[in-house]
Amino acid sequence: ASSLGSGCRQLVSLNISRCPKISDKGIRAIATGCVDLQAANLAGLSRLSEEALHYLAHRCPALLMLNVTGCERVSVTGLEHLVKGLHFVEQAVTFMGFKPVDEHVEKKLEGHLLMLERTRQTKTLEQIQREEARLLQETADRELRENSAASLLQAYMHRYKLRMHYYRLWRARVKHEKALMIQRNYRGLLGRHRADRRREELRLFYSLSPFGLCIQKAVRGYLCRCVHTKAAKLIREMYINRRKEAENGLAVKLQAQARRFLAALRVRSWKELVVRRALNSHDAAITMQRLSRMFVAKLRVSRRRQWMRDELEARNNAGLKIKVFLLAKMRLYKSKLTGDALKTFYRHKWGAITKIQQLYRSFKARESVYKMKIGLASMHYAATLIQRCFRGSRILHWRDMRLNVIAAFVLDRQYLERRGAVELSRLRYKKFLEDNQCDSASEPDDDAPMDEVWVKQFDKNKKANFWVNYSTNVITYDEPQLPLAHEMGLIGKRIKVFWVVQGVWYEGQISKYHRRKGRHRVEYDDGDHEWIHLADECDRVQIQLDDGTWAMYVMYQSEAMLEEKRKVLERQEREDFKRQAFIDAQQWKMFTDDRRGDLMFMSTINGELRAGLPNAGDWVVQDDGYGFPCFFNVVTKATVYEDPRFVYDVDEDLAAQRKYVMQEVRYALYFCKDLWEDFEKASSQGDERQLRKAMLAVKNSSKIDHLNSFVIRAKALYQQVSVVDKPLNEAVEAELQYAAWVAARLAEARDRTHSFLLKREDNKREVLRRLQPVGPGSASGEPLVCRLCGRPTKRHLEFCPTCGKRQVFF
């Protein structure tokens, strides 16, 4: 039944009578998947209950005939209530169930027309009310604008008067400042004239009597001494006091300078002492650091040497074991050979040994000759350089200084030439090695296709992504597949290949891929290489995963392979979406209402009626060239992707339900968001106490279940009837997606909390098991024993009667 509900989405009639194993769960799956079901024969289903009838009535609105004869758990009363709750059906007479009433299509159409008439009347009343409200609003707005204009004029007039008042004050202040400036200039001019006259009088007096002032001073001093007899004595005393004061001040100043000098010396010596102490501390710290680093380095070196010795010993032991194993196998193999086979075996063995000896000796000889040549060349180069330097030192002391530059240029040029020759020799040797390792699959891959470059863009009309290839001018709305993405993604992976003859797994790395031959180049760790067709050799190939484990190539799925599978699934889903979109767009048949003359649309699938716009006949369904249905207006030549033919009216009850459900979702999301933030913060900080507290809060909160239930209800209420209908509001969709994400995270946190609590309960049981008294009488009626002193005690006592310490029994 579940497969029938998920696989037959367009099922109209169903007969599953006499299938006693089908229960309410199967009927629920059928009702969920087959929403266009019109007739169902469920006779003889003994496990069926009235709950299944509720699912069918709720999920299948087009259901007109139902036969539940022989369903023991379905009562007549429940069937009567179900018939009363449905429209256009009546209870059947010949069988237990219901059937469509006579002329149900006409009655259904009449009901829809009556509903549309009521909707039109309601809209007309609402339009009249909106017009009256608009007139009242316009009157209020006009009065508000007039009041605003009057207030604005008053504000402008007040501002103008205030500005003129401040302007007059400013003019008066400017006049006053100018008058004050004229007065100051006039008084200054008069003062300068008086000063010039005074200076002229003094200059004339000095020119006529140059010694007049000296004579006046001498006379005035003589007269003062004659009149005041004590003046000379007082003047001499004043001179003596002033001299003493000057001497005392000079002594104090000298003392202050001496003290300042001594203080500076003491400060300098103290600073030098502090600096020397800091240097000594720094040197001591550096010395300690060097000693500690030397000790750590020596410790590491000793550990490294010990590790190398252990590794060498392990290698020797492993080689010895391998040698013993090979000798034992060889002896076993030789014991089974006789006659010519034994001679052939020894002949091949001696030939291989001789070949190995020749190769090893030639390799050692070439290596020694190469080292000898390098040593002789280095000695020759050093001798030549020494000779040139010696000869230059003999002649450069009397030659021109330009020879120094010439000699340096020659030496640098010879050094560069030698370095270039060494690089060329290395390149030739590398080319020699590549030529020796070249095989048939190493040929250039000329027939390999070029990688196609696709540019991802966004279509605003269709609200979908599309890809453009500018080299071929190809546009596709399906994400293009990358050729050989899986094969090219294996380059750089570690691989193990099983060699059947040796019976050993050899590790290596994939370095290249030959497209024309379909083979990968494997570089083994021992220096050998091989071209392998992985699909043909999948039974003896293992690929290393990102976590270090190995998996057989048959079971290995790379990210590129998963990505290509995802693209194929998305392409299939897009094709199904296009097909369903064309079916939904072409299911509506247009007709005219005879009474009102309005355009109406009726679905050929489920009989649904919809009201059309006046210009609905101008729109036709076409293909946009990429497989998507679009609507083309033959009058205005406009093209849209959302169906513009219908009047999209939302029922008030449905709108109220949506509003209530979204309010509940936001209310629950407010609390659940705080729970998730606390849990995330505690997890990121690593605080175990806060984490346990947050986990217990998540476990005990009922808002999570509240959020889950209302998110499911909101998705059911906002579900689209057709794929070409108007899509869900982006803000509501984003809010529902975020609420679903928070609910999923909190469900994970609740699972983690449940695991934590189970683990804690297990730990408690383990602790209790360990703390239980072990010994005779622990499970029977015999006396218990104190765990500290080992003497007999009783369970009801808090302290041991022998040792007096607290005792605990579980």
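The values are calculated or read from the model by the stated rules, or taken from the named source; none is laboratory data. Given the structure is predicted, the values throughout are model-derived calculations rather than measurements. Ideal geometry is used to build each Cβ from the backbone, glycine not excepted, and the neighbour counts take in all protein chains shown. What goes into the accessible areas is simple: the full protein's heavy atoms, side chains included, and nothing from ligands, DNA or RNA. Shrake-Rupley method; radii C 1.70, N 1.55, O 1.52, S 1.80 Å.
Each residue in region 509-518 was checked for being over 13 Å from residue 488 (Cβ atoms) and either in contact (Cβ under 8 Å) with a residue 40 or more places away in the chain or in a loop (DSSP other than H, G, I, E, B) (or both), and 2 pass.
Residue pairs whose Cβ atoms lie under 9 Å apart, sitting 6 or more positions apart in sequence or on different chains, and linking a residue in region 558-574 that is hydroxyl-bearing (Ser, Thr, Tyr) to a partner that is in a helix (DSSP H, G or I), are 558/485; 558/486; 558/489. Within the set 124, 119, the sole residue that is open to solvent by less than 100 Å² (accessible area, probe 1.4 Å), within 30 Å of residue 596 (Cβ to Cβ) and in contact (Cβ under 8 Å) with a residue 12 or more places away in the chain turns out to be 119.
Condition check ((1) under 27 Å from the mean Cα position of the chain (by Cα); (2) at pLDDT 85 or above) across all residues:
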site	(1), (2)
447	no, no
463	yes, no
469	no, no
513	no, yes
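Quick check on my filter: what residues within region 89-104 are at pLDDT below 70 and surrounded by fewer than 13 Cβ atoms within 10 Å (Cβ to Cβ)? Selection gives 102, 103. Within region 42-54, the set of residues being open to solvent by 40 Å² or more (accessible area, probe 1.4 Å) and either within 18 Å of residue 94 (Cα to Cα) or of a type outside the set (Asp, Glu) (or both) comprises 46, 47, 54.
Scanning region 362-387 for residues that are within 60 Å of the chain's Cα centre (by Cα), open to solvent by 100 Å² or more (accessible area, probe 1.4 Å) and not hydrophobic (A, V, I, L, M, F, W, C) returns 366, 370, 371, 373. Against the numbered list (1) among the hydrophobic types (A, V, I, L, M, F, W, C); (2) under 30 Å from residue 418 (Cα atoms); (3) modelled with pLDDT under 75, residue 386 comes up short only at (3).
Just so you know, in region 687-702 the residues that are of a type outside the set (Ser, Thr, Tyr) and open to solvent by less than 50 Å² (accessible area, probe 1.4 Å) include one that is farthest from the chain's Cα centre (by Cα), and it is 697.
Counting residues in region 622-644 that are open to solvent by less than 80 Å² (accessible area, probe 1.4 Å) and in a helix (DSSP H, G or I) gives zero. Within the option set 801, 773, being at pLDDT 75 or above, in a loop (DSSP other than H, G, I, E, B) and surrounded by 11 or more Cβ atoms within 10 Å (Cβ to Cβ) holds for one residue only, 801.
Please tell me if residue 681 is open to solvent by 80 Å² or more (accessible area, probe 1.4 Å), over 40 Å from the mean Cα position of the chain (by Cα) and basic (Lys, Arg).
It is false that residue 681 is open to solvent by 80 Å² or more (accessible area, probe 1.4 Å), over 40 Å from the mean Cα position of the chain (by Cα) and basic (Lys, Arg).
Report whether or not residue 319 is farther than 30 Å from residue 429 by Cα and either surrounded by 10 or more Cβ atoms within 10 Å (Cβ to Cβ) or within 60 Å of the chain's Cα centre (by Cα) (or both). Considered against the rule, which asks whether it is farther than 30 Å from residue 429 by Cα and either surrounded by 10 or more Cβ atoms within 10 Å (Cβ to Cβ) or within 60 Å of the chain's Cα centre (by Cα) (or both), residue 319 comes out as yes. Cβ-Cβ below 8 Å, separation at least six or inter-chain, first residue in region 660-671 and part of a helix (DSSP H, G or I), second open to solvent by 100 Å² or more (accessible area, probe 1.4 Å): which pairs? Close Cβ pairs satisfying both conditions: 661/713.
If you go through region 8-26 and keep only what is out of contact with any strand residue (DSSP E or B) (no Cβ under 9 Å at 6 or more places or on another chain) and not in a loop (DSSP other than H, G, I, E, B), you end up with 25, 26.
Look at region 727-750: where a residue is on the phi > 0 side of the Ramachandran plot and aliphatic (A, V, I, L, M), no partner that is in a helix (DSSP H, G or I) and loosely packed, with under 14 Cβ neighbours inside 10 Å sits 6+ places away or on another chain with Cβ atoms under 9 Å.
The residues of region 543-567 that are part of a helix (DSSP H, G or I) and loosely packed, with under 13 Cβ neighbours inside 10 Å, listed by number, are 559, 562, 565, 566.
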